[in-house]
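Below is one structure, written out as structure tokens; the observations come after it.
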Amino acid sequence: MTETVITPPSERTARKAAPGEAPAPRRSGRRRIALPYLLLLPALLLELLVHLVPMLMGITMSFRELTQFYIRNWSEAPWSGLDNFSVAIDFDAPVGQALLKSFLTTCLFTVLSVGLCWLLGTSAAIFLQENFRGRGFLRTLFLVPYALPVYAAVITWAFMFQRDNGIINHVLHDQLGIGDSPAFWLIGDNSFWALLIVSVWKGWPFAFLTVMAGLQNIPRDMYEAAALDGAGVWKQIRHITLPSLRSVNQVLVLVLFLWTFNDFNTPFVLFGKAAPEAADLISLHIYQSSFQTWNFGTGSAMSVLLLLFLLLVTGVYLLLTTRGRKTSDA
């Protein structure tokens, strides 16, 4: 009769490799540490080529007298020092005055666009928190502007804003009888409001999606307890929803600000290469200063000034929001 010997688990675990037997392979700690960085390397190289290298080239060009005479080989353009920056910020000269006006127009446009995007997105997200028939359809419908390609959407809006054949004037003037004559939406002062409408229509679904995701982290018990205490809908939004969404809104407002202030595609597709004076955003203004006057040195200097402004605003905003968060937590 054969006797079976069972080795205790402790002995099996502690048993070492016999002489001449190859040790069990072990994964090196250094390899485990380096693996995430190796996986990120292709994305970092692509980011370097797409963003960092052109940015450094633009900074270099801002210190050169780069005009149409040096387009063939811009590295041969003479150095101009800070002359391009002096021209850009000389607000007594036509170039500086035009840049300042474009900057102020962009600030007003950004404040209105970001505020309306946040308001519409937050309102729609709170409204769709309740269960009712058709909620899924409305969520999908609200995300359509965000899913559409920018160029296709803006070209469609350009056709809608046409004076004689656009649906906007057809509804406002022909159907509702507003105004003595059809309005010009793509020229004159109305161009600012046309651009604002397109920007808000295109941007508010992102705010809606972000706020809707943040609302999922708020426990429903808090609303039920507040309702039992007699708090109405507005008090619940003021004392529960908005404070709970503070961190989400801080990131959302910053992202919307950067996207809107830097937006080039929307005004370029809507108005073409030359935007009306009322809708002369700084991104399109820099493009015109570079490619219409062929003074790429001054245009690059304007771009560097815009970069510094955005970095300053972002740093101050993050500092204030971080300090406010620490104060509220304390």
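Length gained on full extension, Ile59 to Gln175: 36.5 nm, using 0.36 nm per residue less the C-alpha separation.
Ranked by the mean number of other Cβ atoms within 10 Å of their residues, highest first, the peptides 260-268, 181-189, 70-78 come out as 260-268, 181-189, 70-78. Across the range 73-148, the fraction of Cα-Cα pairs farther apart than 18 Å, rounded to a whole number, is 67%. If a/c stays under 1.5 just call it rounded; otherwise compare a/b with b/c (prolate if a/b is bigger, oblate if not). Do that for the range 249-302, with a ≥ b ≥ c from the square roots of the Cα gyration tensor eigenvalues. Judged from the Cα gyration tensor, the range 249-302 comes out oblate (a/c at least 1.5, b/c at or above a/b). Here the sum of -39500 (n - 2.57) over DSSP H runs of 4 or more residues, divided by the residues of the chain, equals -19500 deg cm²/dmol at 222 nm, to the nearest 500. The slack in the chain from Ile89 to Leu228, taken as 0.36 nm per residue of separation less the alpha-carbon distance, amounts to 44.1 nm. Residue ranking by accessible heavy-atom surface, 1.4 Å probe, largest first, among Glu277, Glu47 comes out as Glu277, Glu47. Going by the alpha-carbon gyration tensor, a ≥ b ≥ c the square roots of its eigenvalues, is the chain rounded (a/c under 1.5) or, if a/c is not under 1.5, prolate (a/b greater than b/c) versus oblate? Because a/c hits 1.5 or more and a/b fails to exceed b/c, the chain counts as oblate.
Between the helical axis of 150-160 and the longest alpha-carbon principal axis of the chain there is an angle of about 30 degrees.
Each part reduced to its alpha carbon centroid, the range 286-320 and the range 182-206 end up 24 Å apart. With 0.36 nm allotted per residue and the present C-alpha distance subtracted, the Phe159-Phe137 stretch has 5.2 nm of extension available. Packing-based ranking of 58-67, 88-97 yields 58-67, 88-97, ordered from highest to lowest mean Cβ neighbour count within 10 Å.
The residues of the range 94-325 expose on average 54 square angstrom of accessible surface per residue, using a 1.4 Å probe on protein heavy atoms. Each of the peptides 151-158, 302-309 was scored by the mean count of other Cβ atoms within 10 Å over its residues; in descending order, highest first, they stand as 302-309, 151-158.
If R0 equals 22 Å, the separation of the Cβ atoms of Ile167 and Ile187 corresponds to a calculated FRET efficiency of about 0.75.
Positive-end ranking of Leu172, Ser86, Gly115 along the dipole of the range 42-173, with charges on Cβ about the Cα centre, is headed by Leu172.
The values are calculated or read from the model by the stated rules, or taken from the named source; none is laboratory data. Just so we're clear, the structure is a prediction, and the values are computed from it rather than from any experiment. Using ideal geometry, Cβ is built from the backbone for each residue, glycine included, and neighbour counts are taken over all protein chains shown. We work out accessible area using only protein heavy atoms, side chains counted, and drop any ligands, DNA or RNA first. Shrake-Rupley method; radii C 1.70, N 1.55, O 1.52, S 1.80 Å.
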